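A.B. asks: First, the structure itself, so that you have it in front of you.
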Amino acid sequence: MSKIEPIMKKPSLFRRTTMSLVNGWRRVMDVRYNPLKYIPDPSLQTYFMLVLFTVWSVWFGLVATTYLGWYGYNIVASIVIHCAILLPLAFTNAIFVDAERDGHK
């Protein structure tokens, strides 16, 4: 008897590209995958993510203003808008993590 091995098709270029982008995003932005996962406290993880976000937000604002010529770009407004989106998400995540940890109690 000969052993029949299944033939697997190679994923499409679109799927490989999409998965590569998702994995890259997770390595940077998701604390389940980036090095901040080693910090046990979710509130500290959120704090460090917000600090990194602010640093990069200012950096991209300076790049946009200097090199792209977006002279009307407002770095402070950008940080406020991003925080207005990220803080509720972090709060929701903290509640979900707490609920998961406590279980049915």
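Read the figures in this text as sums done on the coordinates, not as results from a lab. Given the structure is predicted, the values throughout are model-derived calculations rather than measurements. Cβ atoms come from the backbone with ideal geometry, glycine included; neighbour counts cover every protein chain shown.
A.B. asks: What nm distance separates the two modelled labels at PHE96 and LYS10, each placed 7 Å from Cα along Cα→Cβ?
C.D. replies: Going from the PHE96 label point to the LYS10 one covers 3.6 nm.
A.B. asks: Once you compute Rg and the Kirkwood Rh from C-alpha atoms, what is the Rg to Rh ratio for the chain?
C.D. replies: The Rg/Rh ratio comes out at 1.18.
A.B. asks: Ranked from highest to lowest mean number of other Cβ atoms within 10 Å per residue, what is the order of the peptides 6-13, 95-102, 41-48?
C.D. replies: 41-48, 95-102, 6-13
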